[in-house]
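Worksheet for the structure shown next.
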Amino acid sequence: MMRTRSLLFALLPAVPASAHVAAAGGEPGLTWGAERWVLVCLALSVAMYVVGAVRLYARARNGRARLLRQAGWFGAGWLALVLALASPLDAAGSVSFAAHMVQHELLMIVAAPLLVLGRPLGVWLWAWPAVARRSGGAVTRQPALQAAWRWLTRPLHAWVVHFAALWLWHAPYLFQAALTHPPLHALQHASFLFPALLFWWAVLDGVARGPAIAYLFTTMLHTGALGALFAVSGRIWYPAYGGGATQFGLSALEDQQLGGLIMWVPGGLAYLIVALALCARWLAAEKNGAGEAA
């Protein structure tokens, strides 16, 4: 239950993930900042985490080191969200496909796993008065809600949702519509981050060793395939950009191909690195277990 609550809270800053959407061919203001409600949600999430972490740390007799590690993970994930949603990268993504891909990769393969490791909702609940904590716990224990959550967080379901979100939102009609409609762009970002959180929760906590490697490997393959389509294509997939990347010294096609390479190479490698890290951890655990048995 604690992991479920943690994952739910990790979504809080992502819901209002809007961008400084510029008209096709327009020049965005490449400065730090975001809409006020985005900044409020980001500030509120970190402030409540600090309050909750301080209270838990004061009460804990054991596990303080674990709390500090989780706080570090959450802080790193929160900073990745700030970089993706409130830095000049956000505005640049409205005129450059490559910048947009960097932003999406930050949400899906940097912020999402770090937030999952940070267990933020369990900490955030401790920022509320005791009465509110009990009421929130009663709500999450409702059978219908728990059944729906168990279905949604099954590893295969999480993998399918992650796959579908990535490919559907890169369909030309939807992607170009998101470029010029801020509410749709916010929905696009939430649709990337929410499935990514489900996926990383399943891989890091909710699935056995073999399936976890399989999910990481197949995700590496299909994200790499999508990136390769952009990288090797000789046609422009999203004319709505209108050649805005020329202000960065790139033609529209070069910008698209660079964005494809970003998704294909570093994006794909991220899943491979995590898979290798998990394998190393499991092998070390088995070796230690064998040594203790001997």
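Just so you know, all these numbers are worked out from the coordinates, no wet-lab data involved. If you're wondering where the values come from, they're calculated on a predicted model, not measured in any experiment. Virtual Cβ from ideal backbone geometry, glycine too; neighbours counted across all protein chains shown.
Descriptive notes on the structure:
- For segment 271-279, Karplus couplings with θ = phi - 60° (6.51, -1.76, 1.60), whole Hz, Gly/Pro x: 5, 5, 5, 5, 4, 5, 5, 5, 4
- As a calculated quantity, the FRET efficiency between Ser233 and Trp32 at R0 = 41 Å, using C-beta atoms, amounts to about 0.80.
- Each of Ala127, Leu261, Ala76 was scored by the projection of its Cα onto the charge dipole of segment 2-293, and the greatest displacement toward the positive side belongs to Ala127; charges sit on the C-beta of Lys, Arg, Asp and Glu.
- Rounded to the nearest 10 degrees, the inclination of helix 182-204 to the longest alpha-carbon principal axis of the chain is 40 degrees.
- HN-Hα J in Hz across segment 238-244 - Karplus 6.51, -1.76, 1.60, θ = phi - 60°, x for Gly and Pro: 10, x, 4, 5, x, x, x
- Counting only DSSP H runs of at least 4 residues, each contributing -39500 (n - 2.57), and dividing by the residue count of the chain, the helix-based mean residue ellipticity at 222 nm comes to -23500 deg cm²/dmol.
- Of Leu106, Leu117, Leu156, the one that fluctuates the most in a GNM where the chain has Cα springs shorter than 10 Å: Leu156
- Karplus-derived HN-Hα couplings along segment 67-83 (A = 6.51, B = -1.76, C = 1.60, θ = phi - 60°), whole Hz, x at Gly and Pro: 4, 5, 5, 4, 4, x, 4, 4, x, 5, x, 5, 5, 5, 4, 4, 4
- Hydrodynamic radius of segment 107-236 per Kirkwood, over alpha carbon pairs, in Å: 16.8 Å
- Distance between modelled label sites at Arg133 and Val50, nm, 7 Å Cα→Cβ extension: 2.0 nm
- Top of Tyr57, Tyr241, Tyr49 by mean-square fluctuation, Gaussian network on the chain, Cα under 10 Å: Tyr57
- Two-decimal Rg/Rh across segment 183-225, once Rg and the Kirkwood Rh are taken from alpha-carbon atoms: 1.09
- Considering only Cα atoms, the convex hull volume of segment 170-294 works out to 119 Å³ per residue.
- Shape call, segment 117-194: gyration tensor on alpha carbons, a/c limit 1.5: prolate
- Whether segment 27-172 is rounded, prolate or oblate, judged on the alpha carbon gyration tensor where a/c under 1.5 counts as rounded: oblate
- 24 Å tail of the calculated P(r), the chain, as % of Cα pairs: 55 percent
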